[in-house]
């Protein structure tokens, strides 16, 4: 890595640390989740947050958007939401007597898809396709989505009523899935004592903007990855494919997800290269929603696919 | 280490796979025990019952011994021995507690699967054993894979690779292992009881039972062109003694006198090599007028070995079809004229009448053959039963018979008229394998014919069956106009595909016999002579084998060692980090393979807080070198220094 590059990387790390700090002012006691959410954003992936209502999913998304200086759109998913409500539609213009395309909320840098599993599969897939392709095709015309483009989808636990759970193939399109969980005692107290979160968000100053974020994203892709680390990722992939504990192994996309997430994390941590440690940190959020455990045995021990992999696969 | 009960299932399958080929030979009591052991094990696996207590297990072991004593009368010998080991393997499942127990069962499986070769050494069983060995090896992988990180497919792949890697060692053993003539163990041998082939006596029905067997009797390779079909008389045994029902060999001790008188016509010698399938007897099959044989030849021109042939046996011989055997002494004349007293008066009368009319023996022979030809005699595989005067009954009443009837009746008529005559049994004909250069002679080619003594020609072959059914001799058994339902299916089928398949399979069998089973003491010596090493003895061979095994093992070791070495040279970081880990290991802290350097560092600091700074810098340098892009010597030097000075405290 030459010096100008390493300077850029250092600057990126600084900005990201600052952003994390800002977000942590609003979202209390959730430093790990904030770090993972930023990792996901830097890795140009999309994030799925799964938790019960009221733990701050929306607030987290809103805060990130504000701090990153991205234009923010929230789409509340309901069972009667239609694909055109997300993508936009062609509407007849009487004066010019022609159809005119009205862009839907998806044409933003930062989208919060709230309670994504309340909508019908058809609507879900409209969003998920846009996420994957980073473009939208309506009425035969293809329109590029703005860059950077980042989706945070929130999901209620699947067993709740009135949900259409996302199929595995759709889950795979999210780089990470995280849980927020309840705040600890200290954070809870601070939250109860503190000011209104909504107001706080409005007063937060953006740390970066869309253009800077793109530079940071490019910087993350340049983080050095040693052969030994690729060996480790391949060992993980091979293990998930051969072990009888899993229904299916990780896809090649899953492998890339691990690598990209680890690179972004390394950048956030200010490391010049990726360590197995980074893989282990992102493992749970990258891997758990892509793998299905075959036996209840591990579930009963409170183990997830990720912890099982971390504890089993030798580091080359 | 305790064993999960669900892991019993593959072991249970393994034992069944090992035993599959011998199930058809096991007695009912043994099969019953095996079935009940299997069901019991399944109940244990599914958790419906527990492993029986020691007392019950001892009772069951007693039941095993009793079942063997009831079925075989002994627990010694091949079959009882293998059955016992098999049943004990099943019993072992009842007390499987540790890995050691499982390994015992699997290694016993390796031995048991090899015992299949006691019974047959066909390429099919070899292929089967190969497959089972791969499966057994995959079982070993299950039990050494503590993390259950492999599935069935991977295990089979690894196991296949291991078995294939062992092929060079197998070849060394195959080529160099000293061949021991005769059976390897002096255990009671019960293999020959069920072998098909021409027996040592002939009574009505003894040959036509063979006709329905498609089994190969022997295969022949001719040095030059094979003789014509009608000259392919494979002599097995000469039968001179008749008791009114059965033709037998001479009871008198064999008068071995190899000097045989030949009338040498323009000698066209036929050289051929025979690969005889085991038939449990001592005699060898050869064409007529044996000129040269590596084995003892009797006065009756039978080649005989010292031991019963219970394994594939190959030999070379030379015959001269134009020659004639003129050796005869007074005792032999007497022997070959004997008839049982007071039987078959009508036949004797017929013989005398025809002989009177004929004038000389040659004409007489022709008129007897003519008698068979002109009267309504039938060639059939299902002749009616004959009465007490069997020959009379056949010649004057039933007139339906197979080659043993015709040859027997013919010899009887000859002897009745004072012409010395005898029955010869063996095979007639053979099929060339169109895909390969050899001839197949099957059990269905079994035949009986006659030899008569003519003063000027010596012993002359006469085949009365040819008089009744000439096509049997000229075109083989399938064209003899016999009932097709009695012949082996594949011999009468017209399907081109079946025809191809049959000869391809036989060709494979032949090559297997020639190159694998047939690689005996002699072939081994020939191989070394070809390489310029003469008169190699078994001890030398054995020591060579040991040397070759050691060398190849050493090469593999060197290769593995070298690989490890180059890797450590290339990767200084891993090497010295390993040294660091070993130092900590001695201090009682072991790094888990799945632990990252940082995770390990956290534990190190917890237990040896004083080493925090040094351990941290070692971890840092290691990570820099191994995962970073900068592998400068400066870092390497620092790492090496730090590791060398490191002490866990």
Name the residues in the range B:437-471 that are under 23 Å from the mean Cα position of the chain (by Cα) and surrounded by fewer than 17 Cβ atoms within 10 Å (Cβ to Cβ), would you?
B:437
Somewhere in the range B:514-532, is a residue exposed (fewer than 14 other Cβ atoms within 10 Å of the Cβ) and assigned to a loop (DSSP other than H, G, I, E, B)?
yes
Output the residues belonging to the range B:38-53 that are touching a helix residue (DSSP H, G or I) at 6+ places or on another chain (Cβ under 8 Å) and over 18 Å from residue B:89 (Cβ atoms).
B:47, B:49, B:50
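Condition check ((1) surrounded by 21 or more Cβ atoms within 10 Å (Cβ to Cβ); (2) at the interface with chain B (Cβ under 7 Å from one of its Cβ atoms); (3) in a helix (DSSP H, G or I)) across all residues:
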residue	(1), (2), (3)
A:232	yes, no, yes
A:244	no, yes, no
A:253	no, no, yes
A:261	yes, no, yes
A:268	yes, no, yes
All but one of (1) assigned by TED's automatic domain parsing to the domain that holds residue B:417; (2) at pLDDT 80 or above; (3) over 30 Å from residue B:380 (Cα atoms) hold for residue B:463, so report the exception by its number.
(3)
For residue B:80, which of the numbered conditions (1) more than 29 Å from residue B:141 (Cβ to Cβ); (2) surrounded by fewer than 18 Cβ atoms within 10 Å (Cβ to Cβ); (3) under 25 Å from the mean Cα position of the chain (by Cα) fails to hold?
(2)
Residue, nearest to the other protein chains (Cβ to nearest Cβ), within the range B:621-649, restricted to residues that are surrounded by fewer than 17 Cβ atoms within 10 Å (Cβ to Cβ) and under 20 Å from residue A:263 (Cα atoms)
B:629
Among the residues listed as A:178, A:223, the single one being in contact with a strand residue (DSSP E or B) (Cβ under 7 Å, 6 or more places away or on another chain) and either closer than 30 Å to residue B:626 by Cα or without any contact (Cβ under 8 Å) to a residue 24 or more places away in the chain (or both)
A:223
Against the condition surrounded by 13 or more Cβ atoms within 10 Å (Cβ to Cβ), touching a residue at least 12 places away in the same chain (Cβ under 8 Å) and in a loop (DSSP other than H, G, I, E, B), how does residue B:580 come out, does it pass?
no
In the range A:270-302, what count of residues is obtained for those that are at pLDDT below 85, assigned to a loop (DSSP other than H, G, I, E, B) and within 13 Å of chain B (Cβ to nearest Cβ)?
2
In the range B:584-593, is there at least one residue being assigned to a helix (DSSP H, G or I) and within 49 Å of the chain's Cα centre (by Cα)?
no
Just to be sure before I move on: is residue B:591 surrounded by fewer than 19 Cβ atoms within 10 Å (Cβ to Cβ) and either touching a residue at least 40 places away in the same chain (Cβ under 8 Å) or within 10 Å of another protein chain (Cβ to nearest Cβ) (or both) in the structure I sent?
no
Of all residues in the range B:392-432 being part of a strand (DSSP E or B) and free of Cβ contacts under 8 Å to residues at least 60 places away in the same chain, which is nearest to residue B:464 (Cα to Cα)?
B:400
Scan B:613, B:546, B:560 and give me the residue that is modelled with pLDDT under 85, part of a helix (DSSP H, G or I) and exposed (fewer than 14 other Cβ atoms within 10 Å of the Cβ).
B:560
Residue B:363 vs (1) under 45 Å from the mean Cα position of the chain (by Cα); (2) surrounded by 12 or more Cβ atoms within 10 Å (Cβ to Cβ); (3) without any contact (Cβ under 8 Å) to a residue 12 or more places away in the chain: all pass except (1)
Mind checking which pairs have a first residue in the range B:236-264 that is in the same structural domain as residue B:443 (by TED's automatic domain parsing) and in a strand (DSSP E or B) and a second that is surrounded by fewer than 11 Cβ atoms within 10 Å (Cβ to Cβ) and at pLDDT below 80, Cβ under 8 Å, 6 or more apart or different chains?
B:241/B:251
Identify all residues within the range B:268-281 that are surrounded by fewer than 19 Cβ atoms within 10 Å (Cβ to Cβ) and over 20 Å from residue B:513 (Cα atoms); write none if there are none.
B:268, B:269
Return the only residue of B:68, B:60 being within 13 Å of residue B:29 (Cβ to Cβ), surrounded by 16 or more Cβ atoms within 10 Å (Cβ to Cβ) and without any contact (Cβ under 8 Å) to a residue 40 or more places away in the chain.
B:68
Among the residues listed as B:39, B:44, the single one being closer than 15 Å to residue B:16 by Cβ and either out of contact with any strand residue (DSSP E or B) (no Cβ under 6 Å at 6 or more places or on another chain) or in the same structural domain as residue B:132 (by TED's automatic domain parsing) (or both)
B:39
Selection status of residue B:608, more than 14 Å from chain A (Cβ to nearest Cβ), closer than 30 Å to residue B:439 by Cα and modelled with pLDDT of 80 or more
no
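The values are calculated or read from the model by the stated rules, or taken from the named source; none is laboratory data. Since the structure is predicted, the reported quantities are computational estimates derived from the model, not experimental observations. We place every Cβ from the backbone using ideal geometry, glycine too, and count neighbours over all the protein chains shown.
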